[in-house]
Amino acid sequence: MKHVFFLFVGLFLSSNLIAQTIYKELNSERLGETRQIKIQLPRNYDTSSKKYPVIYVFDADYLFEPVAGNVDYYAYWEDIPEAIVIGINQYGLRENDCYYSEQNSLPIESGAAFFEFISMELVPFIDKTFRTENFKVAVGHGKTANFINYYLLKGVPLFQSYIVLSPELAPDMANYLTEVFPKLEQKTFYYLASATNDASNIHEQTEALSKALKPIENNNVLKTFETFDGPSHYTLPTHAIPKALESIFLVFQPISKKEYKETILKLEGNPVDYLTEKYQMIDELFGIKKPILINDFKAIEAAIKKKENWEYFEDLGKLARKEYPDTLLGNYYLGRFYEETGEPKKAMKTYQSAYVLSEIAGITKDHVLELSEQIKADFGY
């Protein structure tokens, strides 16, 4: 009995440590048939109350696992937010699902029905069944890469992000996209990838689309175009999916060495404003109130020290007190502010008051006490 109990506990714990994959049959009135849906829930979904962005994967009979695996991996290292991944199986149905008119390149008949199945049945079902944020990503390859572009042509696009891999473009698609890109009013991420060893017509069309979209100026559209040297049409997704996720969720990632050197050190204003705006953008884009990482506090601290802009330690200290109120991080930064701006007595008292708080980020109670004692010795307090 004891062994059975331990086995049960082990299975329960392990189920909360790995992403869960669920298979569902969804009856569609629009399609007049049942469709199989794959669903990967984030680790610990069952034990949290959080809402999650949703990534919709077309061609899920072969594309779901590469996307779901990368999402789970990147989320594990906190380089992207945890997300729900939804896969639409289309084996043997791809041609019908992506059917469009030869006259205007828009979905008709079975293609129009599939378009409505996604927007009017699948997405509402997922939103009703799971805890979802508004941020939605569409991933397509080949024919479905062309198809997901149709959702950009709606008055309010269904998805906020598009991963378009080696698209087999409808004849008029490039014209439609060049018309709609300048008019998009919501923040939209658009990632377009091709491969040098792709079918020549697909590669040429994708490169032409990239060339047409690049000069379009719209601050609401964040565009990334990549050409991979070597992969074929069928191996491109394994190369492009990680790059696409990194591109879309770039702002979510901790401050990197590149961001520190190329952006933060070149700021003319307050780097603390940059930090707060970064996290406000994460909230606005993805609906996620992410705590400011210690890594990012340390990056701003390093920039203040390097440029000797000591006055910015005051704002950093106030922000640290707000984010980590039970730790000595805020007091340490405020102490540095007072010390470097000619108020040693305030600095000493601030360091002393930090002694009752928790240690964090390599800043110890002994260290702040040493700083306090040094000021006392230097000024005879």
Self-check item: Estimated [θ] at 222 nm from DSSP helical runs (n ≥ 4, -39500 (n - 2.57)) normalised by residues in the chain, nearest 500
Solution: -14000 deg cm²/dmol
Quiz item: If you average 1/r over all unlike Cα pairs in the range 64-223 and invert the result, what Kirkwood radius do you get in angstrom?
Solution: 16.6
Self-check item: Most fluctuating residue given options 280, 352, 160, as computed from a GNM of the chain linking Cα atoms under 10 Å
Solution: 352
Practice problem: Could you tell me which of rounded, prolate or oblate describes the range 135-293, using a ≥ b ≥ c as the square roots of the eigenvalues of the alpha-carbon gyration tensor, with rounded for a/c under 1.5 and, failing that, prolate when a/b is larger than b/c and oblate otherwise? | Solution: prolate
Practice problem: Please list 125-134, 88-97 highest first by mean number of surrounding beta-carbon atoms within 10 Å per residue. | Solution: 88-97, 125-134
Self-check item: Base-10 log of normalised Debye intensity for the range 34-93 (one unit scatterer per alpha-carbon) at q = 0.15, 0.29 Å⁻¹
Solution: -0.44, -1.19
Practice problem: Mind pulling the angle between the C-alpha long axis of helix 271-286 and the longest principal axis of the chain? Nearest 10 degrees, somewhere in 0 to 90. | Solution: 30
Quiz item: Among the aspartates and glutamates, which have Cα under 16 Å from the Cα of residue 261 when same-chain residues fewer than 8 positions away are ignored?
Solution: 296, 301, 308
Quiz item: For the range 257-379, what D do you get in µm² per second when you plug the Kirkwood radius from alpha-carbon pairs into Stokes-Einstein at 20 °C and 1.002 mPa s?
Solution: 143
Exercise. Report the antiparallel proportion of the DSSP beta bridges in the range 23-109 as a percent, rounded to a multiple of 5.
Key: 75
Exercise. Would you kindly give the portion of the calculated P(r) for the chain that falls above 36 Å, as a percent of all Cα pairs?
Key: 38
Self-check item: Net dipole in debye of the chain [+1 Lys, Arg Cβ; -1 Asp, Glu Cβ; about Cα centre; nearest 20]
Solution: 940
Practice problem: Hand me the chymotrypsin sites (Phe, Trp or Tyr not before Pro) from the range 135-238 located in a DSSP loop with no more than 14 other Cβ atoms within 10 Å, in residue order please. | Solution: 234
Quiz item: Name the residues of the range 282-309 whose amide N is less than 11 Å from a point 7 angstrom out from the Cα of residue 187 along the C-beta direction?
Solution: 282-288
Quiz prompt | DSSP bridge pairs, the chain: antiparallel proportion in percent, nearest 5 | solution = 35
Exercise. Mind computing the radius of gyration and Dmax over the alpha-carbon atoms of the range 93-140? Å is fine for both.
Key: 13.0, 41
Exercise. Would you compute, for the Cα atoms of the range 206-311, the largest minus smallest coordinate along each principal axis and list the three values in descending order, in whole Å?
Key: 53, 28, 28
Quiz item: Which lysines does residue 187 reach when only Cα atoms under 17 Å apart count, and residues fewer than 8 places away in its own chain are ignored?
Solution: 136, 154, 214, 223, 278
Practice problem: Please list 294-302, 325-333, 201-209 highest first by mean number of surrounding beta-carbon atoms within 10 Å per residue. | Solution: 325-333, 294-302, 201-209
Quiz prompt | Qualifying lysines (Cα of each under 21 Å from Cα of residue 346; at least 8 residues distant if same chain) | solution = 305, 318, 322, 365, 376
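Each reported figure results from applying straightforward, stated rules to the coordinates on display, with no laboratory input. Only a predicted model underlies this, so the values are computations on that prediction, with no experimental measurement involved. Cβ sites come from the backbone with ideal geometry, for glycine too, and all protein chains shown count toward neighbours.
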